[in-house]
Amino acid sequence: MQSRIRTFLLTMLMLLIPVACGANSSPIDLARVDDQNLMGMSSAVFLRSIGNDLQISAIETAVETFRSKNARTRDGLSKLEIFYDGITADPKDPRLLPHLARWKELFPQSPTPYVLEAHIKLSAVINAFRLEGLSEQDFQALRRDKGRIEELHALFAENQLKPVADPHWHMLRLRLSLLQGRRGSDNSMMASKALRRFPEYKPLYSAAADLYLPRWGGTAEALEFWAREVEQSQGRAGAPGAYALTYLHAFEHEYGNDLLARSNIGWERFKKSWRSLELNGIGKHFQAIAAMTACVAGDHALAKRLFQQAGSALNGTLSGSRPGRKVCVTWAAKSEWQLFYEEILADVQPYLAYILSIVDLILLRGR
């Protein structure tokens with residue numbers, strides 16, 4: 001709570017200072033904003049750019065840096081992902097389309113205004129990054145809203161060239177495909193093509209996995225087939241680890257404690273894929289999720305190591321409501337000898353109780 005209040009106050013301060021100093025004050029550079037404040041600042045700075053060419057230019061420069069350099073936070077998250085995730089705007093705001101039209105005039109080759117328009121309009125229907133708050137009934141109702149889906153489809157169909165240089169555009173296309181209820185090879189081809197071009201943009205792996213999760217109409221078999229397929233194709237392209245990323249998302253958003261019982265995950269395959277991610281560098285955000293996944297799978301050695309490596313990232317990544325979080329942390333902290341002792345004790349406990357009951361019976365008869 002304190003960190004949220006701090007972020008809010010800092011955001012307001014950074015926005016009010018330029019107002020107090022006058023219209024000609026320097027624009028805010030998102031590339032210089034601290035990691036933990038970037039999401040909160042993104043939407044505020046975007047709204048501040050309406051009618052402000054200098055601020056548009058500053059945002060464009062920052063976003064192009066995020067995109068071209070694959071900029072990441074200390075926890076391993078894409079700054080481009082955080083920027084788009086932070087954007088909230090009313091698609092019915094009459095200032096929006098003229099503002100984005102001006103952006104296109106200033107930067108005619110940039111994908112950013114096209115992606116922003118699609119992101120804002122799609123986000124009015126469904127959260128581009130998170131679906132866990134959406135019930136299956138509400139999701140089916142959205143699918144039946146053919147008018148809105150056709151409007152979104154037309155937006156993507158009209159803009160085929162300039163936005164494709166931005167990985168988030170492809171993620172939005174996968175979200176639209178999920179809404180349309182498309183199945184089969186069309187989805188896998190679309191996702192594979194996007195991942196080959198942007199293997200470092202992790203939200204693409206999540207959006208692709210959602211196409212195969214049971215809650216959205218997929219199956220455990222289809223998810224496993226996709227996970228193996230994308231692992232092979234990405235591995236050949238020099239970007240291994242797709243199998244692990246697919247199941248990390250599935251663990252968080254579908255299976256939880258039932259990962260081994262309900263999914264078709266191959267644990268040894270997962271560990272091999274995870275090791276590939278570690279060799280290529282993976283942030284603490286993903287280490288925290290993998291630690292919980294290892295705990296649920298009963299892999300004590302991996303869970304112990306990952307919980308230690310994730311450190312404070314656990315607090316920001318794994319909410320207190322996540323199933324078994326405290327139990328997993330406590331379990332992972334134990335030594336192998338402690339676990340062995342507890343296992344032996346659990347095994348002999350029923351026999352000890354039986355022996356004690358016999359002893360009690362003998363003593364009673366002896367009286």
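Any chance segment 156-176 includes a residue that's more than 20 Å from Ser43 (Cβ to Cβ), of a type in the set (D, E, K, R) and more than 22 Å from the chain's Cα centre (by Cα)? Yes, segment 156-176 contains a residue that is more than 20 Å from Ser43 (Cβ to Cβ), of a type in the set (D, E, K, R) and more than 22 Å from the chain's Cα centre (by Cα).
Would you pick out the residues in segment 43-56 that are in contact with a helix residue (DSSP H, G or I) (Cβ under 7 Å, 6 or more places away or on another chain) and over 16 Å from Tyr84 (Cα atoms)? Across segment 43-56, the qualifying residues are Ile50, Asp53, Gln55. Among the conditions (1) at pLDDT 95 or above; (2) touching a Lys or Arg at 6+ places or on another chain (Cβ under 8 Å); (3) under 30 Å from Leu279 (Cα atoms), Val63 misses just one, which is (2). Contact map, segment 32-53: residues that are in contact (Cβ under 8 Å) with a residue 40 or more places away in the chain and within 19 Å of Ile120 (Cα to Cα) paired with residues that are in a helix (DSSP H, G or I) and among the charged types (D, E, K, R), Cβ distance under 7 Å, separation 6+ or inter-chain. Pairs shown: Leu38/Lys79; Met39/Asp85. Listed conditions (1) farther than 19 Å from Ser42 by Cβ; (2) surrounded by 12 or more Cβ atoms within 10 Å (Cβ to Cβ) are all met by Arg144, apart from (2). Looking across segment 288-297, just one residue is free of Cβ contacts under 8 Å to residues at least 40 places away in the same chain and within 17 Å of the chain's Cα centre (by Cα), and that is Ala288. Can you pull out every residue in segment 300-325 that is modelled with pLDDT of 90 or more and under 20 Å from Trp267 (Cα atoms)? Within segment 300-325, His300, Ala301, Leu302, Ala303, Lys304, Arg305, Leu306, Phe307 meet the criteria. Taken as a whole, the condition of being surrounded by fewer than 14 Cβ atoms within 10 Å (Cβ to Cβ), of a type outside the set (Val, Ile, Thr) and at pLDDT 90 or above does not apply to Glu117. Every condition in (1) buried (at least 19 other Cβ atoms within 10 Å of the Cβ); (2) out of contact with any Pro (no Cβ under 7 Å at 6 or more places or on another chain); (3) of a type in the set (S, T, N, Q); (4) over 17 Å from Trp169 (Cα atoms) holds for Gln55 except the one numbered (2).
When the test is whether a residue is among the acidic types (Asp, Glu) and modelled with pLDDT under 90, Asp53 does not pass it.
Please note which helices (runs of 4 or more DSSP H) are completely contained in segment 248-314 and include at least 3 residues that are out of contact with any Asp or Glu (no Cβ under 9 Å at 6 or more places or on another chain) and surrounded by 15 or more Cβ atoms within 10 Å (Cβ to Cβ). Steps first, please.
On the way: elements: 259-262, 267-280, 284-297, 300-310.
Once the helices (runs of 4 or more DSSP H) in segment 248-314 are filtered for at least 3 residues that are out of contact with any Asp or Glu (no Cβ under 9 Å at 6 or more places or on another chain) and surrounded by 15 or more Cβ atoms within 10 Å (Cβ to Cβ), what remains is 267-280, 284-297, 300-310.
Within segment 121-170, the set of residues being among the basic types (Lys, Arg) and under 29 Å from Phe251 (Cα atoms) comprises Lys121, Arg130, Arg143, Arg144.
Could you please let me know if Thr73 is closer than 30 Å to Leu277 by Cβ, surrounded by 14 or more Cβ atoms within 10 Å (Cβ to Cβ) and at pLDDT below 90? Spelling it out, it is not the case that Thr73 is closer than 30 Å to Leu277 by Cβ, surrounded by 14 or more Cβ atoms within 10 Å (Cβ to Cβ) and at pLDDT below 90.
The values are calculated or read from the model by the stated rules, or taken from the named source; none is laboratory data. Remember, it's a predicted structure, so these values are computed and weren't measured experimentally. Backbone-built Cβ (ideal geometry, glycine too); neighbour counts: all protein chains shown.
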